[in-house]
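The values are calculated or read from the model by the stated rules, or taken from the named source; none is laboratory data. Because the structure is a prediction, the values reported are computed rather than measured. Cβ placement follows ideal geometry from the backbone for every residue including glycine, while neighbour counts extend to all protein chains displayed. Heavy atoms of the whole protein, side chains included, go into the accessibility calculation; ligands, DNA and RNA do not. Shrake-Rupley method; radii C 1.70, N 1.55, O 1.52, S 1.80 Å.
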Amino acid sequence: MRFASVMAFKRVLIANRGEIALRILRTLRDMGIEAAIIHGREDRLSLPVRFADVAYPIMRSNPLDSYLDIEAVVKAAKDLNCDAVHPGYGFLAENAHFVKRLEEEGITFIGPASDVITLLGDKIEARAAMEAAGLPTAKGSSEPISSADVASSLADEIGYPVIIKAAAGGGGIGMQIVNKADEFEGALKLCQSRAKSAFGDSRVFVEKYIEGAQHVEFQVLGDGKNAIHFGERFCSIQRRHQKLVEEGPWLSDEKRAEIGALVCAGAESVGYKGLATFEFLRDSNGDFYFLEVNPRVQVEHTVTELITGYNLVELGIRVAQGEDLPITQDDVVIRGHAIQCRLNAEDTTNFIPSPGRLWECHFPSGFGIRCDTHAHPGYEMPGCFDSLLAKLLAWGPDRESAIKRMRTALDETIITGVDHLIPLHRRIMDEEDFLAGDITIAYIDEHDHLLG
């Protein structure tokens with residue numbers, strides 16, 4: 001890789017916790033950058049806090065506020081003389097106001113500019129922008145829908161079923177599938193109410209619901225002028241629209257090149273700087289429909305790192321420093337196959353979080369195995385944060401060998417003290433449809449015998 005001579009960061013504040021904080025910290029160390037971190041009461045003894053060069057406590061009675069208080073995080077960055085802030089994922093990672101405040105203080109946000117986050121955070125505006133850039137989109141409304149009559153007439157035009165989505169939403173919150181006209185009134189009110197509660201924005205829109213869909217996403221890196229992609233990830237095995245198993249690659253070389261060129265054009269059209277994930281639904285005919293852009297590092301970026309050999313977190317930091325893209329599209333070569341299982345502290349029947357102390361904790365290693373985790377024996381898994389304990393990955397020269405290696409890795413993993421999803425993942429690795437690649441976003445619903 002070619003690295004430009006620019007003013008490198010001296011100290012970066014990690015505005016996050018858990019495994020992603022540790023992942024960022026390691027990359028900062030590799031790059032010779034000091035790692036600072038904020039933390040609440042619950043995380044004061046966590047590994048990323050213990051390993052950081054400097055830790056800054058933000059104690060709040062509500063644990064989430066330790067990571068969501070924008071002025072407190074900005075003050076921490078200023079007090080610690082940080083050049084930049086890395087948000088990881090979740091918390092303030094997609095908060096345009098937070099980015100704007102950092103811009104006002106002359107502190108670099110490791111990610112896109114505030115106006116780009118604002119654009120991409122509005123699903124209606126993002127959809128219009130990407131459609132203009134040439135990306136395929138599902139038929140739907142080009143403006144917010146507030147009337148059941150308007151929604152119903154639109155649905156008659158584009159055909160049932162349709163889906164109502166929050167304009168400012170994410171993570172599947174509030175989405176409602178509608179199969180006939182008399183369902184609109186209740187579904188519209190429910191989606192608007194949940195959108196208002198979750199995002200402070202009740203605007204919703206309607207689009208064609210893609211039945212039998214697969215979820216495919218593309219990893220992109222932009223420097224504000226140019227963009228390249230690192231291929232796709234397949235992430236259709238989900239619960240409540242949250243991913244459980246991710247893998248890659250999934251497409252033919254020709255289809256990857258076709259969609260890859262489109263997502264790069266989309267990123268360049270908005271002047272995107274940093275890591276981004278372009279998400280699509282792929283229907284049973286193989287046609288793609290743009291869903292959204294996630295303007296941040298993704299939980300599953302690790303899959304792409306294993307099959308391309310590039311440290312995506314480092315590349316994101318480098319373009320934030322002002323470097324041009326250090327590699328070209330031709331430099332990105334996909335080798336082998338990688339699978340990631342999210343080891344959440346949840347029961348395998350209802351996916352209810354299972355906080356508690358880890359009495360015994362052993363994660364596997366060996367050829368082709370990667371495990372990103374902040375967990376350790378004695379770790380107290382809080383009940384107030386996301387339930388992700390670890391991300392277990394297996395790489396192989398092909399999908400079959402990666403699955404075999406994942407089985408071995410899951411069998412070697414020991415976690416006691418909390419419920420976890422290892423038994424579910426182990427059953428998935430033996431399931432016939434999974435082995436055949438016959439997977440849609442309804443996989444868990446259609447294979448509920450795997451639960452429990």
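Among the residues of region 303-319, some residue qualifies, meaning at least one is at pLDDT 95 or above, within 17 Å of His215 (Cβ to Cβ), in a helix (DSSP H, G or I) and not acidic (Asp, Glu).
Quick check on Arg2: is it surrounded by fewer than 14 Cβ atoms within 10 Å (Cβ to Cβ), at pLDDT below 95 and basic (Lys, Arg)? Answer is yes for this residue. Whenever a residue of region 329-344 is closer than 20 Å to Leu315 by Cα, its partners that are assigned to a loop (DSSP other than H, G, I, E, B) and open to solvent by less than 50 Å² (accessible area, probe 1.4 Å), lying with C-beta atoms within less than 7 angstrom and at least six residues away or across chains, give the pairs Ile334/Pro249. Hey, any hits in region 171-186 for a residue that's open to solvent by less than 50 Å² (accessible area, probe 1.4 Å) and in contact with a Phe, Trp or Tyr (Cβ under 7 Å, 6 or more places away or on another chain)? Taking every residue of region 171-186 in turn, at least one turns out to be open to solvent by less than 50 Å² (accessible area, probe 1.4 Å) and in contact with a Phe, Trp or Tyr (Cβ under 7 Å, 6 or more places away or on another chain).
The residue list Lys196, Lys273 contains one member that is at pLDDT below 95 and more than 26 Å from Arg399 (Cβ to Cβ), which is Lys196. Filtering region 226-263 to residues that are of a type in the set (A, V, I, L, M) and either surrounded by fewer than 18 Cβ atoms within 10 Å (Cβ to Cβ) or over 30 Å from Gly174 (Cα atoms) (or both) leaves Ala227, Ile228, Leu251, Ala257, Ala261.
Among the numbered conditions (1) surrounded by fewer than 18 Cβ atoms within 10 Å (Cβ to Cβ); (2) closer than 22 Å to Arg50 by Cβ; (3) in contact with a strand residue (DSSP E or B) (Cβ under 8 Å, 6 or more places away or on another chain); (4) not aromatic (Phe, Trp, Tyr), the only one that Cys384 does not meet is (3). Filtered by the rule that a residue be within 28 Å of Gly140 (Cα to Cα) and surrounded by fewer than 18 Cβ atoms within 10 Å (Cβ to Cβ), region 281-327 gives Asp283, Ser284, Asn285, Gly286, Asp287. Can you find a residue in region 14-26 that is at pLDDT 95 or above, open to solvent by less than 50 Å² (accessible area, probe 1.4 Å) and either touching a Lys or Arg at 6+ places or on another chain (Cβ under 6 Å) or over 26 Å from Ser387 (Cα atoms) (or both)? Scanning region 14-26, I find no residue that is at pLDDT 95 or above, open to solvent by less than 50 Å² (accessible area, probe 1.4 Å) and either touching a Lys or Arg at 6+ places or on another chain (Cβ under 6 Å) or over 26 Å from Ser387 (Cα atoms) (or both), so the answer is no.
Count of region 355-367 residues, restricted to those that are part of a loop (DSSP other than H, G, I, E, B) and open to solvent by less than 20 Å² (accessible area, probe 1.4 Å), is 2. Scanning region 56-91 for residues that are surrounded by 22 or more Cβ atoms within 10 Å (Cβ to Cβ) and within 22 Å of Asp201 (Cα to Cα) yields a count of 1.
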